[in-house]
Each structure stands twice: as structure tokens, then as C-alpha cells.
Amino acid sequence: MQQALIAMSHSPLLEHTNPPEDVKAAVDAAFEQVRAFAKEFNPDLVVNFGPDHYNGFFYDLMPPFCVGYEAHGTGDYDSWAGPINVPTTEAEKLAQYIIDQDIDTAISRKMEVDHGAVQPMEIIFGGLDTVPVIPIFVNSVARPFTKVSRVRKFGQAVGEYFKDSDKKVLFIGSGGLSHDPPVPQIATATEAQRAMLTNGRNPTPEARAARQANTINTAIKFAAGEADIMDLNPEWDRAFLEVCRSGNVGGFDAYTADEMDAVAGHSSHEVRTWVAAYSALRACGEYEVNYEFYKPIKEYIAGFGVTTAVLKK
Ligand SMILES: O=C(O)/C=C/c1cccc(O)c1O
Ligand SMILES: [Fe+2]
């Protein structure tokens, strides 16, 4: 088996809020499951499809996709700060291959990645300086969004590149499922928020602390039924997981950004990273989802999903 997949939610609230003990234990067990899966697969390379939350990518220049040739973590919410072990030559070849398939992608020789991209790697491998990783940004928060079919084709191109590789490649998708955390949106932003969304790189420690405190307070209120954010949508989450499980990645094409905003929250677009990862795996062959965990967890502001998949023999 040369390719495998882990697609999972992330939340910067994991260490900051307290769901009931049984929920926390169930999430810990899911994390243990993906750690064991990754250990057994023992990848030579990870291709990490991750979103960003206005820590690395801003409205001064917002690409739909970006392949990182070199990268470092921004350290928001105490996530990975510092250099990431990126195999630059392989990343360059991958980007060229994607472009040769008529799919345009940005590239970065100094990509900044936030908690949304790095949290699964931290949970699974303990950091981003161990297994080589090509980080791929998939815009999942800043309109305008590409069609989901485009994300599928992007993922497919990535998968095709690795289909006959002699390396064992683990595709990771990080984000989702339904959720509506208090990340400002350009359409409704105040002047100060517009400035942050456009030019918020390297915030002051005070600005970062204020943003994080707001998210934590919102989560606590949300769990108490008092927050002014959209509810989680377990039905929508389960339907999305069903498409993942079906192996019919064309089924992702039916999702539209407007509908997702309306029923699953303004950060549900993070499932784009799952679409890319599952489409990459599907390009390598028929797959089966061999592990699935799901719980709507208000303390994490997340319809929290964790899945692993392998190619059929
Ligand atoms: O970037 C932020 O401030 C908050 C991000 C967040 C909150 C809750 C769930 C998530 O998946 C997030 O990325
Ligand atoms: Fe997120």
C-alpha cells in the first residue's frame, strides 16, 4: 500500500475548553486511532491539505491553492511555530505537475501555516520537523471560493502525481465539518476587521491574545447555548461523511459555498481540504474508509470528524 489518508477536524480550543469527560475521552481515542494508523503506514512523505484563518494568507493576495516549497508555522493558539520539514525539490516537481494538468496553483517559498494546517501533524507525529511534509493551502475561509469540483480536480492532480511514486505518501485533510467560529468575514467586517483580514500578518501579542480570548469565550457561551453563532449541523456532517465513504468523489461537486454558509456555518468550507485529500487518494485507486469518528462538540465549535482510508487491495 503506497498511499493512505487521514482527514480530520481541528480546533484551536482542544486545550482551552472542557467538553464532558466522556466526549474528551472519545476524541482522545480517535486521536490514538489515527496515531496508530500513521505509525503502521509509516509514510515517507505527508501531503498536508490545510486551510488558514488569516494568519498566513490575507486579502492582500488570496490564492485558491498554494503549494509550499518552504514553510513555517505561525504559532497561533500555541500551535507549531518555526520551520517545517518540506522537501523543496519534490514540492517544486509537484507544483509543475499540477500546472501541467491545466490546474493553476500559487506556490510559496515562504509559506506561513497556522493551527488549521499543523494541528493534525502535531497530534499524529508530535510536530512538523519529523516526517517530510508538503503543505498545500486550500482557501476555505475567504470569498470568492472556487467551485468544489475545482478542488476535487486539484486533489486529483496531486494524487496522480504520487500514484506511481516509490514513496509511501499519506494525504492529510484538516478542517470542518459544520462550524461557525467567530472568524470575521469580509462582507460584514468592521473597518478594523477589514484591516486585519487584509494586512494582519504578525499581529501584536495583545491583538493575538484578544482574538484567542474571543474565540474561547464564544466557545464557552456556545456550549452554554448563549453564543450568537450558527449551530452545528450533524445531519449535514453525516451526509458529507457518507460522500467520503462512498468513494464517489464526484459527489462532492454538488456542494456550493452559498448553501454551505446557509446550513453548515462559515467555516464549513474547510471540508475543501477533505475533498482535496479524498480526491487525491481516489486518483491512486479505489479506497475504503476503515475508520470514522464523529461527534458534534460545541466546546470545540466543531462538528468533529476523524477518518482514515486505505486503497482497496
Ligand atoms: O482562527 C480562529 O480564531 C478560530 C478558529 C477555529 C475555531 C473553532 C474551530 C475551528 O476549526 C477553528 O479553526
Ligand atoms: Fe479551522
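Quick grid of which residues meet (1) crowded, with 18+ Cβ neighbours inside 10 Å; (2) within 16 Å of ligand 2 (Cβ to nearest atom):
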position: V27; (1), (2): yes, yes
position: F31; (1), (2): no, no
position: Y69; (1), (2): yes, no
position: W80; (1), (2): yes, yes
position: A91; (1), (2): yes, no
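Within the stretch 3-16, the set of residues being closer than 22 Å to R208 by Cβ and either surrounded by 20 or more Cβ atoms within 10 Å (Cβ to Cβ) or without any contact (Cβ under 8 Å) to a residue 60 or more places away in the chain (or both) comprises H10, S11, P12, L13, L14.
Quick check on G56: is it small (G, A, S), surrounded by 24 or more Cβ atoms within 10 Å (Cβ to Cβ) and within 16 Å of ligand 1 (Cβ to nearest atom)? The answer is yes for G56.
Whenever a residue of the stretch 72-92 is in a strand (DSSP E or B), its partners that are modelled with pLDDT of 95 or more and polar (S, T, N, Q), lying with C-beta atoms within less than 7 angstrom and at least six residues away or across chains, give the pairs G73/S79; T74/N55; A81/T74. Going through the stretch 224-265 one residue at a time, which ones are acidic (D, E) and part of a loop (DSSP other than H, G, I, E, B)? Hits for the stretch 224-265 are E226, D228, D231. Screening A7 on (1) in a loop (DSSP other than H, G, I, E, B); (2) among the hydrophobic types (A, V, I, L, M, F, W, C); (3) within 16 Å of ligand 2 (Cβ to nearest atom); (4) under 19 Å from V138 (Cβ atoms) shows it passes everything except condition (1). I'd like to know if the stretch 204-219 contains one or more residues that are closer than 16 Å to A302 by Cα and away from ligand 2 (no atom under 16 Å from the Cβ). Yes, there is a match, as at least one residue in the stretch 204-219 is closer than 16 Å to A302 by Cα and away from ligand 2 (no atom under 16 Å from the Cβ). Applying the set (1) over 21 Å from T218 (Cβ atoms); (2) in a loop (DSSP other than H, G, I, E, B) to L170 leaves exactly one unmet item: (2).
Every test in (1) in a helix (DSSP H, G or I); (2) free of Cβ contacts under 8 Å to residues at least 12 places away in the same chain; (3) more than 13 Å from ligand 1 (Cβ to nearest atom) is passed by A210 save one, and that test is (3). Filter the stretch 263-297 down to residues that are within 26 Å of D22 (Cβ to Cβ) and surrounded by fewer than 24 Cβ atoms within 10 Å (Cβ to Cβ) and give me whichever is farthest from ligand 1 (Cβ to nearest atom). Per the criteria, the residue is N290. Quick one: would you say G68 is over 17 Å from the mean Cα position of the chain (by Cα) and away from ligand 1 (no atom under 15 Å from the Cβ)? The answer is no for G68.
When the residues of the stretch 123-159 are filtered to those that are surrounded by fewer than 16 Cβ atoms within 10 Å (Cβ to Cβ) and of a type in the set (D, E, K, R), which remaining residue is farthest from T188 (Cα to Cα)? Top of the filtered list is D129.
For R109, the stated conditions do not hold, so it cannot be described as touching a helix residue (DSSP H, G or I) at 6+ places or on another chain (Cβ under 7 Å), charged (D, E, K, R) and surrounded by fewer than 23 Cβ atoms within 10 Å (Cβ to Cβ).
In this structure, does Y278 turn out to be more than 22 Å from L13 (Cα to Cα), under 18 Å from the mean Cα position of the chain (by Cα) and of a type outside the set (A, V, I, L, M)? Yes: the conditions hold for Y278.
A count restricted to the stretch 234-262 and to residues that are surrounded by fewer than 14 Cβ atoms within 10 Å (Cβ to Cβ) and of a type in the set (V, I, T) stands at 1. Determine if the stretch 182-193 includes at least one residue that is over 18 Å from the mean Cα position of the chain (by Cα), at pLDDT below 95, among the polar types (S, T, N, Q) and within 16 Å of ligand 1 (Cβ to nearest atom). No; the residues of the stretch 182-193 include none that is over 18 Å from the mean Cα position of the chain (by Cα), at pLDDT below 95, among the polar types (S, T, N, Q) and within 16 Å of ligand 1 (Cβ to nearest atom).
The values are calculated or read from the model by the stated rules, or taken from the named source; none is laboratory data. Just so you know, these numbers come straight off a predicted model, no measurement behind them. FYI the Cβ positions are ideal-geometry reconstructions off the backbone, even for glycines, and counts take in every protein chain you see.
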